[in-house]
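Notes follow the structure.
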Amino acid sequence: MSAVSVIIPALNEEEPIADVVREVTATNIPAEIIVVDNGSTDRTAERARDAGARVVSEPIPGYGRACMAGIRALAPQCDIVVFLDGDGSDCPEFMNQLVDPIASGTHDFVIGSRTRGEREPGSMNFQQIVAGRMAGLILRLLYGVRFTDMCPFRAIRHDALEKLGMREQTYGWNLEMQMKSARVGLRILEIPVNHRRRAGGESKVSGTLRGTFIAGARIIATLLRIATERKPRMNTD
């Protein structure tokens, strides 16, 4: 039986984080839940810990930095890593659908698509939907792999993740994982997942014009960097 670890990056998610941890726990899937406190100034870490998560600290803000801190904290026996956001927008009841294809050995990387699932009104803005579709089109042209979203809710084999050489420290992390997974030939599956409005706090990406601009710039920079990198060889067996 595969050991599943869940990584939840969180920055000032005091309101929703405890419920997120409890929902993930209720799936009876993960062997461990790691909440990465990414420099919060509220009680995010305390509430995550009280809800049963193991909390690690990455004080320098950056979505990719938080994800990498979570990876460094993984238990040695971890086989599958699941990522989801700490704002309550992802639906943990879909976790089985992400994990099962990897546990059964048919796929290496399974990503949720919010645009193909049922979305609560207001859960995604127009820019997020268009950005996901455009990135998917470019990746299809580059690698022949179909994506419709850059959804943070995803699962990947731990050993495959380690070999990707992830380095993006900010908002381009999700796209980097998708591009590198496609480039090295991982067996990829995209599934529809439902999506909710965030349960509290303010979005760091879509909540402000500045956040949207910075995130978009980092995503474009990541796309250009990886598209022009030399393709590595990787054995996924």
Looking only at segment 169-192, which residues are touching a Leu at 6+ places or on another chain (Cβ under 8 Å) and not in a helix (DSSP H, G or I)? Gly172, Val184, Ile191
In segment 147-182, which residues are open to solvent by 20 Å² or more (accessible area, probe 1.4 Å) and either basic (Lys, Arg) or over 17 Å from Leu98 (Cα atoms) (or both)? Arg157, Glu162, Lys163, Gly165, Met166, Arg167, Gln169, Thr170, Tyr171
Can you find, within segment 89-126, the residue that is most open to solvent (accessible area, probe 1.4 Å) among those that are of a type outside the set (Ser, Thr, Tyr), assigned to a loop (DSSP other than H, G, I, E, B) and over 9 Å from Asn194 (Cα atoms)? Pro121
Among (1) open to solvent by 20 Å² or more (accessible area, probe 1.4 Å); (2) outside any loop (DSSP other than H, G, I, E, B); (3) over 20 Å from Ile188 (Cα atoms); (4) in contact (Cβ under 8 Å) with a residue 60 or more places away in the chain - the single one Glu46 does not satisfy: (4)
For segment 1-11, name all the residues that are surrounded by fewer than 21 Cβ atoms within 10 Å (Cβ to Cβ) and of a type outside the set (Gly, Ala, Ser). Met1
Considering only residues that are open to solvent by less than 20 Å² (accessible area, probe 1.4 Å) and in a loop (DSSP other than H, G, I, E, B), look in segment 52-72 and name the one that is farthest from Asn28 (Cα to Cα). Gly62
Per the filter on segment 73-88, residues surrounded by fewer than 16 Cβ atoms within 10 Å (Cβ to Cβ) and of a type outside the set (A, V, I, L, M, F, W, C) are Pro76, Gln77
Does Ile33 satisfy the criteria of being farther than 27 Å from Glu118 by Cβ, touching a strand residue (DSSP E or B) at 6+ places or on another chain (Cβ under 8 Å) and of a type outside the set (S, T, N, Q)? no
For Arg218, indicate whether it is modelled with pLDDT under 80 and part of a helix (DSSP H, G or I). yes
If Gly136 meets every condition in (1) more than 26 Å from Ile226 (Cβ to Cβ); (2) open to solvent by less than 20 Å² (accessible area, probe 1.4 Å); (3) part of a helix (DSSP H, G or I) apart from one, which number is that one? (1)
Which of (1) in contact (Cβ under 8 Å) with a residue 40 or more places away in the chain; (2) within 21 Å of Gly172 (Cα to Cα) is the odd one out, the single condition Glu32 does not satisfy? (2)
Can you find a residue that is within 18 Å of the chain's Cα centre (by Cα) and basic (Lys, Arg) anywhere in segment 65-85? yes
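The values are calculated or read from the model by the stated rules, or taken from the named source; none is laboratory data. All of these numbers come straight from a predicted model, not from anything done at the bench. Backbone-built Cβ (ideal geometry, glycine too); neighbour counts: all protein chains shown. In case anyone asks, the SASA skips ligands and DNA or RNA and just uses the protein heavy atoms, side chains included. Shrake-Rupley method; radii C 1.70, N 1.55, O 1.52, S 1.80 Å.
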